[in-house]
1. Among the candidates ILE91, ILE28, single out the residue that is closer than 27 Å to PRO170 by Cβ, surrounded by 15 or more Cβ atoms within 10 Å (Cβ to Cβ) and in contact with a Pro (Cβ under 6 Å, 6 or more places away or on another chain).
2. Given the options SER137, SER129, SER125, name the one that is among the polar types (S, T, N, Q), under 19 Å from ILE26 (Cα atoms) and at pLDDT 95 or above.
3. What residue, among those in the range 103-113 that are in a loop (DSSP other than H, G, I, E, B) and over 19 Å from the mean Cα position of the chain (by Cα), is surrounded by the most Cβ atoms within 10 Å (Cβ to Cβ)?
4. Within the set of pairs 6+ apart or on separate chains, which have a first residue in the range 120-147 that is within 14 Å of VAL167 (Cβ to Cβ), a second that is of a type in the set (Asp, Glu) and not in a loop (DSSP other than H, G, I, E, B), and C-beta atoms under 7 Å apart?
5. Is it the case that some residue within the range 124-142 is among the hydrophobic types (A, V, I, L, M, F, W, C), over 23 Å from ALA60 (Cβ atoms) and in a helix (DSSP H, G or I)?
6. Would you confirm, using the coordinates I've provided, whether GLY182 is farther than 19 Å from VAL148 by Cβ and either modelled with pLDDT of 90 or more or not acidic (Asp, Glu) (or both)?
7. Listed residues GLY57, GLY78, GLY82; which is in a helix (DSSP H, G or I), of a type outside the set (Val, Ile, Thr), farther than 17 Å from TRP188 by Cα and modelled with pLDDT of 95 or more?
8. Does VAL167 satisfy the criteria of being out of contact with any Cys (no Cβ under 8 Å at 6 or more places or on another chain), buried (at least 24 other Cβ atoms within 10 Å of the Cβ) and either assigned to a helix (DSSP H, G or I) or charged (D, E, K, R) (or both)?
Amino acid sequence: MFKAPVVFFLFCCFCNQSILAQNPDINILKPINAHQTWFKDKYLELNASSVSAVSVGMPAGIFIAGLIQHDKKLQRDGLYMGGAYLLSGIITQATKRIVDRQRPFEQYSFIIKRDDESGGYSFPSGHTSAAFCTATSIALRYRKWYFVAPSYLFATSVAWARMYQGVHYPSDVLGGALIGAGSAWLGWKVQKWMDKKHHAHQ
């Protein structure tokens with residue numbers, strides 16, 4: 001059950017800037033960052049700036065709904081989704097410090113910074129990790145298209161926004177997406193295991 005997340009975490013731990021695909025990264029990033037429009041400025045900024053509120057508010061809202069409706073499953077969903085979000089944050093922040101990668105706007109003068117980000121580490125993207133953790137947590141538990149499609153549209157928009165804003169490379173958002181989705185998957189598997197264990201003792 002733990003094999004895939006552990007393997008990926010070890011991969012992240014032993015990554016460093018020299019083995020990241022810097023040239024393909026910047027070649028992909030340049031056109032994304034260069035083509036500015038008013039719509040992209042507003043839409044992508046809204047997505048990026050709402051990540052924390054959505055990532056905290058979604059599990060909290062589900063948990064509160066469970067309390068109101070006396071629904072134990074909803075309460076467990078909210079708790080384990082919140083736990084997955086915390087796990088993704090811990091892994092993301094630890095990996096940032098291990099890899100120690102500069103942000104694109106710091107390394108390349110032609111990359112335009114469209115965010116208030118003043119420093120920190122580039123790999124992986126924390127916003128993308130959080131967004132994909134939330135999207136995957138929802139998709140695993142509520143498998144209707146009208147839950148899954150908007151969730152991943154939001155997460156993908158966040159990933160695109162972080163590149164458009166010049167604060168992350170494509171590999172940063174890919175790494176963040178994998179960490180977020182992997183954390184959500186692990187939280188879901190643990191929840192299923194705990195539910196099965198609980199039912200076996202009833």
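1. Details: ILE91 fails: in contact with a Pro (Cβ under 6 Å, 6 or more places away or on another chain).
Of the residues listed, the single one that is closer than 27 Å to PRO170 by Cβ, surrounded by 15 or more Cβ atoms within 10 Å (Cβ to Cβ) and in contact with a Pro (Cβ under 6 Å, 6 or more places away or on another chain) is ILE28.
2. On the way: SER137 fails: under 19 Å from ILE26 (Cα atoms); SER129 fails: under 19 Å from ILE26 (Cα atoms).
From the options SER137, SER129, SER125, the qualifying one is SER125.
3. If we filter the range 103-113 for residues that are in a loop (DSSP other than H, G, I, E, B), which is where we start, we get 103, 108-113.
Still in the running and over 19 Å from the mean Cα position of the chain (by Cα): 108-113.
Numbers: TYR108: 15, SER109: 7, PHE110: 11, ILE111: 21, ILE112: 14, LYS113: 15.
Result: ILE111.
4. Short answer, once both residue conditions are applied: SER122/ASP172; PHE123/ASP172; PRO124/ASP172; SER125/ASP172.
5. Quick first cut of the range 124-142, residues among the hydrophobic types (A, V, I, L, M, F, W, C) only: 130-133, 135, 138-140.
Subset that is over 23 Å from ALA60 (Cβ atoms): none.
Checking the range 124-142: not a single residue is among the hydrophobic types (A, V, I, L, M, F, W, C), over 23 Å from ALA60 (Cβ atoms) and in a helix (DSSP H, G or I).
6. Here the answer is no, as GLY182 does not meet what is asked.
7. Numbers: GLY78 fails: farther than 17 Å from TRP188 by Cα; GLY82 fails: farther than 17 Å from TRP188 by Cα.
Among GLY57, GLY78, GLY82, only GLY57 is in a helix (DSSP H, G or I), of a type outside the set (Val, Ile, Thr), farther than 17 Å from TRP188 by Cα and modelled with pLDDT of 95 or more.
8. On the way: out of contact with any Cys (no Cβ under 8 Å at 6 or more places or on another chain): yes; buried (at least 24 other Cβ atoms within 10 Å of the Cβ): yes; either assigned to a helix (DSSP H, G or I) or charged (D, E, K, R) (or both): no.
No.
The values are calculated or read from the model by the stated rules, or taken from the named source; none is laboratory data. Since the model is a prediction, treat every value here as computed from it, not as a measurement. We place every Cβ from the backbone using ideal geometry, glycine too, and count neighbours over all the protein chains shown.
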